[in-house]
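Let me begin by presenting the structure, written as C-alpha cells, before commenting on it.
The values are calculated or read from the model by the stated rules, or taken from the named source; none is laboratory data. Keep in mind that this is a model prediction, so the values were computed, not measured. Every residue, glycine among them, receives a Cβ derived from its backbone with ideal geometry; neighbour counts consider all protein chains shown.
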Amino acid sequence: MSKPEKFHSGFVALIGRPNVGKSTLLNAIVGSKVAITSGMPQTTRHRILGVYNRPGCQIVFVDTPGFHSAQTRLGEWMLESAKTEGSEADIVIMVVDGTQAPNDDDRQVAEFLKEQVKATKILLLNKVDKLARKEALLPRIESYRKLGDFTDIFPISAVDGDNVEEFLSYLRTLIPEGLPYFPEGQISDQDNERMAEEIIREKVLLNTYREVPHAVAVKIDECREAVNKKDQQYIRATVYVEREGQKTIILGRKGEKLKEIGAAARAELEELFGRKVYLDLWIKVKEDWRDRPDWLRAFGYDYD
C-alpha cells in the first residue's frame, strides 16, 4: 500500500515599495480580485491574504503596504505592518518595478531584508512587459541583485502573466510540509463588508485628484437585505476625508462626482454580493484622522 503524499503549506509575504504591482500580482496568482489596485501610492493599507491552492500544496500570499517614508501615524502603522509580515513569513518576495532603477525606497526594503529577515528571499522584477528594449533587462536585474542575497530572481509581468506560472512552480518546491490553513475553496480572509469598503475606496482613488486619496477612509455603516426587496442588498457607507475642500472634490458639481463613484462601486459590489445593490453613500470630514489613534482604531487599524 503506497503512502499518502505529504502536504505542503506556508506563508509568502509580498514586500516592496509602493506601486510596484504587489496587489496586481496577488490577484493574478489567486485568479480573482482580492486586493484593490490603483496608480496611487499606498493604495494597500491593511495586509491582505490571498490563498493559492494546488494538489498537495497551499500557499498563503500576504500582500503588504508599500515601504515608504512615513509622514503620519497611519503611515507608521502601515510600515510596521509590512515589516511584521515580512519577519514572520516562511518566504519573502521582494517585488520591484523592472522598468526603473532602484530608488531609496527599494534600498530601504533591501536593508530590512538583510537585517531582519532570515527566511528565503526571492526577487521579482515586475512590469517587464513595459520595457521597450528587452536587452535593458539584464543590467536592471544586476542593479537589483546587488541590493541583497536572493535565492533566485524572476522577471515577470503580473498584468500579462509572463513567467508567473514558472515562478509559482519554483515556489512550490520551497514550501515546507504542513497542513492547509484554509478550506480548499477559500481564496481570501476578507469578509464581504471589508471588501465592500475597499471597493468603494478604490473607486474614490480612481476618480479624484492626487491630493485627495491619501486622506480617504471608508466605513460600512449598514449592510443588510433591503426592506421589502428580497433580491436586493442595502449598503450605507460613509467616505471620510480630512478637509472640507476634499469633501467638495469628492462630491463634485451638483453631486456628479459622488454619483460616478457610486455607480462604479455599485457595479462591482453587485458582483461581490451576487444580487442588486442599493448603495447609499455619504461624505464626512474627520480632521487629521490619519494622526488620531482613536480614529485609526475605528477604521480597523490595530493601533496601540
Exercise for review: Could you identify the single residue in TYR240, TYR278 that is surrounded by fewer than 15 Cβ atoms within 10 Å (Cβ to Cβ) and touching a strand residue (DSSP E or B) at 6+ places or on another chain (Cβ under 7 Å)?
Suggested key: TYR278
Review point. Restricting attention to the stretch 221-231, which residues are outside any loop (DSSP other than H, G, I, E, B) and surrounded by fewer than 16 Cβ atoms within 10 Å (Cβ to Cβ)?
Key: ASP221, GLU222, ARG224, GLU225
**Study point:** Filter pass, LYS259 being in a loop (DSSP other than H, G, I, E, B) and free of Cβ contacts under 8 Å to residues at least 24 places away in the same chain
**Key:** no
Review point. Can you name the residue in the stretch 243-275 that is of a type in the set (D, E, K, R) and under 18 Å from VAL212 (Cα atoms) and, of all such residues, is surrounded by the fewest Cβ atoms within 10 Å (Cβ to Cβ)?
Key: ARG253
Review point. In the stretch 210-247, which residues are of a type in the set (A, V, I, L, M, F, W, C) and within 16 Å of LEU281 (Cβ to Cβ)?
Key: VAL212, VAL216, ALA217, VAL218, ILE220, CYS223, ALA226, ILE235, ALA237, VAL239, VAL241
**Study point:** Every pair of residues 6+ apart whose Cβ atoms lie under 7 Å, when the first sits in the stretch 188-207 and is among the charged types (D, E, K, R) while the second is assigned to a helix (DSSP H, G or I)
**Key:** LYS203/ILE261; LYS203/ALA264; LYS203/ALA265
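Step by step: first the residues of the stretch 160-189, then only those that are aliphatic (A, V, I, L, M) and surrounded by 15 or more Cβ atoms within 10 Å (Cβ to Cβ), then the one that is farthest from ASN103 (Cα to Cα). Which residue is that?
Ranking the qualifying residues of the stretch 160-189, first place goes to ILE187.
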Review point. How about the stretch 129-209: which helices (runs of 4 or more DSSP H) wholly inside it have at least 2 residues that are under 23 Å from MET94 (Cβ atoms), over 24 Å from the mean Cα position of the chain (by Cα) and modelled with pLDDT under 95?
Key: 137-145
Review point. Within the stretch 103-125, can one find any residue that is closer than 19 Å to GLY50 by Cα, of a type in the set (Val, Ile, Thr) and without any contact (Cβ under 8 Å) to a residue 24 or more places away in the chain?
Key: no
